[in-house]
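Enquirer: Supplied in structure tokens, the structure appears directly below.
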Protein chains: 2
Amino acid sequence: MLVLRQPYLLYLGDATVKSDCKTAFGLRDWCREAVLAEWSHPAGSVTLDLPRLTPRQAAAKGAGSLIVGVAPTGGSLPEHWLDDLEAALEAGLDVVSGMHTRLTSFPKLVRAAERAGCRLVDVRHTGGTFGVASGKKRAGKRVLTVGTDCALGKKYTALAITRALKNRGLAATFRATGQTGIMIAGEGIPMDATISDFIAGAAEALSPANAPGHFDVIEGQGSLLHPAYAAVTLGLLHGSQPDAIVLCHDPARLTIEEYPDFPIPPLQEVIDYYLKVGSLTNGRIRCIGLSINSSALDEAAWAKYRIELESTLKLPVCDPVRSGVEPLADALVAL
Amino acid sequence: MLVLRQPYLLYLGDATVKSDCKTAFGLRDWCREAVLAEWSHPAGSVTLDLPRLTPRQAAAKGAGSLIVGVAPTGGSLPEHWLDDLEAALEAGLDVVSGMHTRLTSFPKLVRAAERAGCRLVDVRHTGGTFGVASGKKRAGKRVLTVGTDCALGKKYTALAITRALKNRGLAATFRATGQTGIMIAGEGIPMDATISDFIAGAAEALSPANAPGHFDVIEGQGSLLHPAYAAVTLGLLHGSQPDAIVLCHDPARLTIEEYPDFPIPPLQEVIDYYLKVGSLTNGRIRCIGLSINSSALDEAAWAKYRIELESTLKLPVCDPVRSGVEPLADALVAL
């Protein structure tokens, strides 16, 4: 399991557009207690409205890691960012990135990390070593968010459910499986970076045996309907052995994104397929509701869609952004 | 794609028991034309009945690689094997192993390989880099062997089908996905060593577009019914986009091996499940027959079992070892 040193100093580079800083805003909103401050290059203009500290000031206040919270334009790290990252290492902070480009591919950073005794953590690439899945049932309850496609709200839904359960005083842990989720949780396993033989084993390790009343809320990945990523989804599903799944969907998405030849089937079929595949490792798996990313619908269209879907599927239907996930929390408590 | 330098010198270590040399016997039987000779330590007594050559003699006759064809007792490489492997490198041969222990974990071998400019090839661990699967249909026909479990004849069946098609003068290529298969074919992709995100992409790369009448016969891995390895099976299935599958089964196996809580369902259910999952990337996928490992049955029991199964499933049922795979080749030609 990958464990990050908290609290964080969030680095915004020389970003001038908020949407380039999605990771930083996500961390501010979902783990405010783990975020100490922000820092950026003088040329940057985006702010998170957090205290602004240099790496050295942040380290003095107990920061553990500088998180690269911005996506570099063009995908490659500008030279002046490297200077800022080096300064963070020299101040005693780990530097953490979820970018495709590896921090460890820059000799300058590798040398600085060695000198300082700090880590360069490439969250997207740190697969780690896991055993083969046992398939054995373990104590505690597990819920997994699954999807009709990638990138339509599985992480957000899992975070919202975790928060809703905690707000009721229940024991719940968000289990992160992707780079942003891992930064939010401070730990997790980047499921898509694991070796194929050990995906299900990694998923078992991610949500170990727990108290009978405890909920592990596991961030889903990919989709069983995806021609490239279904294997990741399946390994995570089998290893998680979820008691409950929540299906995440965006009604504006008619085919898999970037795969126009792969239509998304009727949602009842999708649910049945997930339950069939998931039943291998948990015969009592059930779908407890849907989480809809309805950003493409106006309020009236959303109300109509939701009512129709609830009546067809006989399941609660939420949009976490519009109205929260209380009906899903209700269903989990009733498990 | 991993490509090995042929022909091979097969190394038997100091084995005194034939069954420890399964890999070497498999290579002799399935790619005799790629095997030049055998070599062993003086303490060994197993022979493949091939010419016996030292690494230097084999290199002089054109050998490209020494293959470790024996499993070390206890799993760890004895010191005197290392001397033999070092001698092979010094003679200019690559050293190839499918063992769990990596050749590259022995500094002595790494140094010798560097000096000689030869490769240490750990077939089991060489994942390579692949793109994300496109899901796009490609020319040529593909058949994938699938199974109710691991280790019950998927490689053997694929090799037998390839041979049967070639014997009919048809264009056919065995596509290797595991370590022994890769040694036999001289190339392939160890599917279980790939990064999860790229399993299906690796499977697409393994059987690229080909002539319309050409058959890729793809070695299956694992089982969709396996709680630990189903993800590997699924990625291979999706990326292979097979037109035809052959289900491999051992009637003596009532549950997944080493997973007694996972019973093997009726075979019609298993076939339907593979076709359902496989239909994502090839809507015309069909099962063209069964390959049974009937070693646990006597001749009468096998005849009875085969007739009953053929009448229930309405599909040809073969045991490649007892009577070959001609009915499967017939079904493929009729595709």
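The values are calculated or read from the model by the stated rules, or taken from the named source; none is laboratory data. Quick caveat, the model's predicted, so the values are computed rather than measured. A quick note on method: Cβ atoms are made from the backbone with ideal geometry, for glycine too, and the neighbour counts reach across all protein chains shown.
Listed here are the residues, each with its yes/no results for (1) crowded, with 19+ Cβ neighbours inside 10 Å; (2) more than 22 Å from B:HIS80 (Cβ to Cβ); (3) among the basic types (Lys, Arg).
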site	(1), (2), (3)
B:LEU9	yes, no, no
B:ALA15	yes, no, no
B:CYS21	yes, no, no
B:LEU27	yes, yes, no
B:ALA37	yes, no, no
B:SER40	yes, no, no
B:VAL46	yes, no, no
B:LEU53	no, no, no
B:ALA58	yes, no, no
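Enquirer: Does B:THR281 meet the test of being of a type in the set (Ser, Thr, Tyr), over 22 Å from the mean Cα position of the chain (by Cα) and not in a strand (DSSP E or B)? If you could, list the steps in order and put the result at the bottom.
Expert: On the way: of a type in the set (Ser, Thr, Tyr): yes; over 22 Å from the mean Cα position of the chain (by Cα): yes; not in a strand (DSSP E or B): yes.
For B:THR281, the condition - of a type in the set (Ser, Thr, Tyr), over 22 Å from the mean Cα position of the chain (by Cα) and not in a strand (DSSP E or B) - is met.
Enquirer: Taking A:ALA133 as the residue in question, decide whether it is within 21 Å of A:ASN293 (Cβ to Cβ) and either of a type in the set (Phe, Trp, Tyr) or touching a residue at least 60 places away in the same chain (Cβ under 8 Å) (or both). Steps first, please.
Expert: Working: within 21 Å of A:ASN293 (Cβ to Cβ): no; either of a type in the set (Phe, Trp, Tyr) or touching a residue at least 60 places away in the same chain (Cβ under 8 Å) (or both): yes.
When the stated conditions are applied, A:ALA133 does not pass them.
Enquirer: Now for a different question. Which condition does B:SER291 not pass, out of (1) within 14 Å of another protein chain (Cβ to nearest Cβ); (2) buried (at least 24 other Cβ atoms within 10 Å of the Cβ); (3) closer than 20 Å to B:THR162 by Cβ, if it passes all the others?
Expert: (1)
Enquirer: Moving to a separate point now. Can you find even one residue in the stretch B:300-316 that is in contact with a Gly (Cβ under 8 Å, 6 or more places away or on another chain) and outside any helix (DSSP H, G or I)?
Expert: The initial filter retains those residues of the stretch B:300-316 that are in contact with a Gly (Cβ under 8 Å, 6 or more places away or on another chain), namely B:315-316.
If we keep only those that are outside any helix (DSSP H, G or I) as well, we get B:315-316.
Within the stretch B:300-316, one or more residues are in contact with a Gly (Cβ under 8 Å, 6 or more places away or on another chain) and outside any helix (DSSP H, G or I).
Enquirer: Have a look at A:LEU267, A:LEU313, A:LEU275 and point out the one that is surrounded by fewer than 23 Cβ atoms within 10 Å (Cβ to Cβ), within 27 Å of A:THR180 (Cβ to Cβ) and over 20 Å from the mean Cα position of the chain (by Cα).
Expert: Working: A:LEU313 fails: within 27 Å of A:THR180 (Cβ to Cβ); A:LEU275 fails: within 27 Å of A:THR180 (Cβ to Cβ).
Going through A:LEU267, A:LEU313, A:LEU275 in turn, the sole match is A:LEU267.
Enquirer: Is it true that A:ASP261 is more than 10 Å from chain B (Cβ to nearest Cβ) and modelled with pLDDT of 95 or more? Step through it out loud before you land on a result.
Expert: Working: more than 10 Å from chain B (Cβ to nearest Cβ): no; modelled with pLDDT of 95 or more: yes.
The answer is no for A:ASP261.
Enquirer: Say whether the condition of being touching a Ser or Thr at 6+ places or on another chain (Cβ under 6 Å), within 19 Å of A:LEU280 (Cα to Cα) and part of a strand (DSSP E or B) is met by at least one residue in the stretch B:258-267. Lay out the reasoning, then the answer.
Expert: Applying the first criterion (touching a Ser or Thr at 6+ places or on another chain (Cβ under 6 Å)) to the stretch B:258-267 yields B:262-264.
Narrowing further to those that are within 19 Å of A:LEU280 (Cα to Cα): B:262-264.
Of the ones still in play, those that are also part of a strand (DSSP E or B) are B:262-263.
Yes; the residues of the stretch B:258-267 include at least one that is touching a Ser or Thr at 6+ places or on another chain (Cβ under 6 Å), within 19 Å of A:LEU280 (Cα to Cα) and part of a strand (DSSP E or B).
Residue by residue, here is whether (1) in contact with a strand residue (DSSP E or B) (Cβ under 7 Å, 6 or more places away or on another chain); (2) away from chain B (no Cβ under 14 Å) holds:
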site	(1), (2)
A:PRO78	no, yes
A:VAL95	yes, yes
A:ALA116	no, yes
A:ALA133	no, no
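Enquirer: Condition (residue is modelled with pLDDT under 95, in contact with a helix residue (DSSP H, G or I) (Cβ under 6 Å, 6 or more places away or on another chain) and aromatic (Phe, Trp, Tyr)) applied to the stretch A:124-132: is it met by at least one residue?
Expert: Checked against the condition, which is being modelled with pLDDT under 95, in contact with a helix residue (DSSP H, G or I) (Cβ under 6 Å, 6 or more places away or on another chain) and aromatic (Phe, Trp, Tyr), the stretch A:124-132 yields at least one hit.
Enquirer: Another one. How many residues does the stretch A:301-335 hold that are in contact with a Cys (Cβ under 9 Å, 6 or more places away or on another chain), among the charged types (D, E, K, R) and farther than 14 Å from A:LEU267 by Cα? Break it down into steps so the answer makes sense when it comes.
Expert: Applying the first criterion (in contact with a Cys (Cβ under 9 Å, 6 or more places away or on another chain)) to the stretch A:301-335 yields A:306, A:313, A:315, A:324-328.
Next, only the ones that are among the charged types (D, E, K, R) stay: A:306, A:326.
Right, trim to farther than 14 Å from A:LEU267 by Cα and you get A:326.
Here the count works out to 1.
Enquirer: For A:ASP29, work out the one condition from (1) closer than 28 Å to A:ASP192 by Cβ; (2) among the acidic types (Asp, Glu); (3) in contact (Cβ under 8 Å) with a residue 40 or more places away in the chain it doesn't fulfil.
Expert: Result: A:ASP29 fails condition (3) only.
Enquirer: Among the listed residues A:ARG119, A:ARG124, which satisfies the condition of being under 30 Å from A:GLU258 (Cβ atoms), among the basic types (Lys, Arg) and surrounded by fewer than 24 Cβ atoms within 10 Å (Cβ to Cβ)? Before the answer, list the steps.
Expert: Details: A:ARG119 fails: under 30 Å from A:GLU258 (Cβ atoms).
None of the others qualify; the one that does is A:ARG124.
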